[in-house]
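One structure is given below, encoded as structure tokens.
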Amino acid sequence: MPETVISAQNLDLTFETNDGPVHALKDITLDIAEGEFVSLIGPSGCGKTTLLRVIADLEQPTGGTVSINGMTPEQARLARAYGYVFQQAALLPWRTIEDNVALPLEVMGLDSATRQSRIKSNLELVNLAGFEKKFPWQLSGGMQQRASIARALAVEPDMLLMDEPFGALDEIVRDHLNEQLLKLWAKTKKTVVFVTHSIPEAVFLSTKIVVMSPRPGRIHEIIDCDLGADRPLDIRETPEFLKIAHQVREGLKAGHSYDE
Amino acid sequence: MNGETFLKDKVLPIGTMVLAIIAIWYLAAVFLNAPFERDQAERAGTTISFSEILPRTMAQERPVLPAPHQVFTELWDTTVGKSITSKRSLVYHSWITLSSTLLGFLMGTVLGVALAVGIVHFQTLDRSLMPWIITSQTIPILAIAPMIIVVLNAVGISGLLPKATISMYLSFFPIAVGMTKGLRSPEVMHLDLMRTYSASASQTFWKLRLPAAVPFLVTSMKVAISIALVGAIVGELPTGAVAGLGARLLAGSYYGQTVQIWSALLMAAALAGILVSLVDVIGSRVNRRMGVKPA
Ligand SMILES: Nc1ncnc2c1ncn2[C@@H]1O[C@H](COP(=O)(O)OP(=O)(O)OP(=O)(O)O)[C@@H](O)[C@H]1O
Ligand SMILES: [Mg+2]
């Protein structure tokens with residue numbers, strides 16, 4: 001049995017806003033084991049981003065606890081235990097692609113040789129070799145997002161937290177990046193927490209799908225989903241795949257109608 | 001840009017404007033200077049026709065509004081026509097004003113940036129300093145300039161520094177405001193990104209806030225350098241300064257030397273134009289180095 005790396009116990013988070021409190025997370029209990037690929041799926045506003053941000057110590061829960069490798073989220077953040085990929089690429093416009101990837105490495109105080117080798121290997125990993133000297137605006141949206149993934153990977157974290165990284169991309173690019181991400185995950189065996197709106201994406205990538213429902217944001221259902229290590233894109237037409245996709249869709253529906 | 005479009009996009013519109021301004025200027029000169037000629041004729045008991053008035057309105061010694069060619073002749077005589085060390089050389093006076101402009105601009109930029117850095121990093125400074133910074137600019141510079149000069153003179157500081165101080169007083173403001181805005185311009189997402197790297201405040205400053213502020217700094221420097229020039233000229237007025245464009249303006253108005261006033265004014269305008277374009281060129285160089293998408 002692999003070790004639990006992320007463990008959330010009865011997490012609660014209420015935002016105090018001008019229009020009154022917003023109950024973004026309610027009683028979230030979730031364990032994620034080492035090497036798992038966990039997708040968070042659910043309708044807009046159900047707290048997926050908020051949950052990811054709590055894990056990343058970008059948001060403080062108002063109740064419950066999270067532990068990451070036995071550390072608090074803050075300790076984990078200070079130890080640079082995770083790489084975070086935002087919904088937008090969030091590249092610094094005044095830095096070239098290689099300098100963007102170098103940013104976290106500079107912050108970490110790595111020497112120039114190490115930086116260079118990590119930049120090279122990670123840009124190759126996301127198929128961006130040859131674009132080192134380009135500025136972000138010279139790249140397509142998909143390429144920018146790949147650069148931001150390379151940047152997160154360059155930190156060599158044990159964990160990747162990804163918030164709808166492919167949300168803004170077209171289907172073809174998305175399929176391609178899904179395949180690449182899967183290969184990457186198979187190769188590096190990192191623990192991944194992945195937010196998505198797309199059922200096929202979740203089923204294709206995950207070992208575990210967390211279906212969430214809104215107002216207040218909570219976990220509706222956790223669906224195990226392991227389609228084996230070798231997953232070509234065509235797997236999405238197989239009955240096993242469709243069965244899980246159906247289960248997720250039913251879960252989403254049930255979670256949603258609960259609200260109306 | 002090739003030669004032809006350069007002609008069409010730049011030379012043509014600007015040239016047309018210049019010609020229009022000169023034409024209006026001549027008309028205004030005739031209109032404003034004619035009454036003097038009529039008075040003269042009346043006093044002498046003669047009548048004077050318009051065709052006689054016309055050439056005279058453009059050759060008066062102390063016209064209400066000197067004609068363009070009078071001003072340009074004066075400009076030519078006092079720049080090219082004089083040794084630059086001569087007290088009558090406009091180049092010499094411009095240099096006096098320019099040196100205190102540049103010194104004041106430099107001090108203003110340093111002060112403005114320092115204030116902005118403080119304001120962005122310490123909330124107490126934001127609350128306590130900002131109102132003072134804004135108030136400082138509501139006091140008319142003409143009221144405060146003599147006092148700065150007198151006070152600094154009393155403590156034994158004279159010459160360049162008092163004038164530069166007035167330039168600084170004016171120019172730190174746009175820098176402080178623009179730089180504060182610039183340092184606060186990074187998106188929340190980029191700040192969160194630095195947080196996920198557990199970057200220190202100083203790393204966030206050097207790697208995120210400062211580069212993000214550069215375009216804001218360039219824009220405010222353009223404003224600051226032109227008002228630094230105004231500050232330097234104003235600083236020359238109350239001191240009875242003997243040198244500088246301000247001194248030329250003042251001396252000109254004492255003796256009714258309107259031609260001298262106008263040539264000093266044109267010189268100041270040209271200087272301002274050159275300074276602003278210089279900042280502009282340096283600014284776009286920096287922007288290009290920083291990968292700003294060309295327009
Ligand atoms: N900083 C904040 N202040 C106040 N309310 C917030 C804040 N962040 C999120 N919320 C609220 O919390 C709820 C959950 O937001 P969250 O961004 O986690 O949703 P999400 O599941 O990621 O949605 P989406 O799929 O649209 O990205 C929403 O109702 C949102 O309005
Ligand atoms: Mg979200």
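Build a GNM of chain B with springs between Cα atoms under 10 Å apart, and of B:Met267, B:Met179, B:Met189 the one that fluctuates most is B:Met189.
The A:Glu250 and B:Met130 beta-carbon pair, evaluated with R₀ = 60 Å, returns a calculated FRET efficiency of approximately 0.60. Based on the alpha-carbon gyration tensor of the stretch A:46-179 and its eigenvalue square roots a ≥ b ≥ c, which shape applies: rounded if a/c is under 1.5, prolate if not and a/b is larger than b/c, or oblate? Oblate. Computed about its Cα centre, the charge dipole of the protein assembly as shown is approximately 2100 debye, with only Lys, Arg, Asp and Glu carrying charge at their Cβ. The label point for A:Lys189 and the one for B:Phe122, both projected 7 Å from the Cα toward the Cβ, are 5.2 nm apart. If only the Cβ of Lys and Arg carry +1 and only the Cβ of Asp and Glu carry -1, the dipole of the stretch A:89-156 around its Cα centre is close to 160 debye. Stretching the chain fully between B:Val18 and B:Ala243 yields a gain of 78.0 nm (0.36 nm per residue, less the alpha carbon separation). Heavy-atom accessible area for B:Ile233, with the other protein chains in place and a 1.4 Å probe, reaches approximately 20 Å².
Approximating the spin labels as points 7 Å out from Cα along Cα→Cβ, the B:Val80-to-A:Glu171 distance works out to 7.3 nm. Full extension of the chain between B:Ser99 and B:Ser277 gives 62.3 nm of extra length, using 0.36 nm per residue less the Cα-Cα distance. If I compute solvent accessible area with a 1.4 Å probe over the protein chains, what percent of it on chain A is carbon and sulfur? Roughly 50 percent of what the probe reaches on chain A is carbon or sulfur.
Taking Cβ atoms as reference points and 15 Å as the exclusive limit, the residues near A:Leu105 contribute a net charge of +1, counting Lys and Arg as +1 and Asp and Glu as -1.
Long hydrophobic helices in chain B, taken as whole DSSP H segments with a C-alpha length of 15 Å or more on their own axis and mean Kyte-Doolittle hydropathy at least 0.5: B:12-43, B:90-121, B:141-154, B:160-183, B:210-236, B:258-289. Counting only protein heavy atoms and using a 1.4 Å probe, the accessible area of B:Ser284 comes to about 60 Å². A Förster radius of 56 Å combined with the Cβ-Cβ distance from B:Val150 to A:Lys120 puts the calculated FRET efficiency at roughly 0.30.
Roughly what percent of Cα-Cα pairs across chain A reach past 35 Å? Pairs farther apart than 35 Å: 15 percent. With both labels modelled 7 Å from their Cα along Cα-to-Cβ, the B:Asp39 to A:His23 distance reads 8.7 nm. A:Lys243 label point, 7 Å along Cα→Cβ, cut-off 18 Å on backbone N: hits in the stretch A:205-223? Of the residues in the stretch A:205-223, A:205-209, A:222-223 have backbone N under 18 Å from the label point off A:Lys243.
Dipole magnitude for chain B: computed about the Cα centre from +1 point charges on Lys and Arg Cβ and -1 point charges on Asp and Glu Cβ, it is near 880 debye.
The heavy atoms of A:Glu240 present about 110 square angstrom of accessible area, all protein chains included, probe 1.4 Å.
Of the three principal axes defined by the Cα atoms of chain B, the extents in descending order read 90, 59, 35 Å. Considering helices alone, the calculated mean residue ellipticity of the protein assembly as shown at 222 nm is -19000 deg cm²/dmol, with DSSP H runs of length four and up weighted by -39500 (n - 2.57) and normalised per residue.
Ranked from largest to smallest solvent-accessible area, with a 1.4 Å probe on the protein heavy atoms, B:Lys163, B:Lys8, B:Lys222 come out as B:Lys8, B:Lys222, B:Lys163.
Between B:Leu266 and B:Val188, the contour length at 0.36 nm per residue exceeds the alpha carbon distance by 23.4 nm.
Using the Cβ of A:Pro216 as centre and a radius below 9 Å, the other residues enclosed give a net charge of +1, where K and R count +1 and D and E count -1. A simple count of charges around B:Arg56, restricted to other residues whose Cβ falls under 15 Å of its Cβ and scoring Lys, Arg +1 and Asp, Glu -1, yields -2. In this structure, the amide hydrogen of A:Val195, modeled 1.01 Å from its nitrogen in the peptide plane, lies closer than 5 angstrom to those of A:Leu40, A:Met162, A:Asp163, A:Glu164, counting only residues at least 5 positions away or on a different chain. Build a GNM of chain B with springs between Cα atoms under 10 Å: which of B:Leu191, B:Leu265, B:Leu161 gets the top mean-square fluctuation? Evaluated over chain B, the most mobile residue of the options is B:Leu191. When B:Thr258, A:Thr49 are compared by accessible area at a 1.4 angstrom probe, the order from most to least is A:Thr49, B:Thr258. Rounded to whole numbers, the Karplus 3J(HN,Hα) couplings from phi for the stretch A:213-218 are 10, x, 6, x, x, 8 Hz, using 6.51 cos²θ - 1.76 cosθ + 1.60 with θ = phi - 60°, and x at Gly and Pro. Take the residue pairs A:Lys187/A:Lys253; A:Lys48/A:Lys190; A:Lys134/A:Lys187 and return only those whose Cα atoms are more than 31 Å apart. Those over the limit are A:Lys187/A:Lys253. Within straight-line reach of B:Lys87, meaning a Cα separation under 29 Å, sit the following lysines at least 8 residues removed in sequence or on another chain: B:Lys163. Once the Cα atoms are used to define both axes, helix A:239-257 deviates from the longest principal axis of chain A by about 60 degrees. Give the aspartates and glutamates whose C-alpha is closer than 16 Å to that of A:Lys133, dropping any in the same chain fewer than 8 places away, or say none. Here the aspartates and glutamates satisfying the reach criterion relative to A:Lys133 are A:Glu98, A:Asp99, A:Glu124.
The values are calculated or read from the model by the stated rules, or taken from the named source; none is laboratory data. These numbers come from a predicted model, not from an experiment. Quick reminder, even Gly has a Cβ in these numbers, built from the backbone with ideal geometry, and neighbours come from all protein chains shown. Heavy atoms of the whole protein, side chains included, go into the accessibility calculation; ligands, DNA and RNA do not. Shrake-Rupley method; radii C 1.70, N 1.55, O 1.52, S 1.80 Å.
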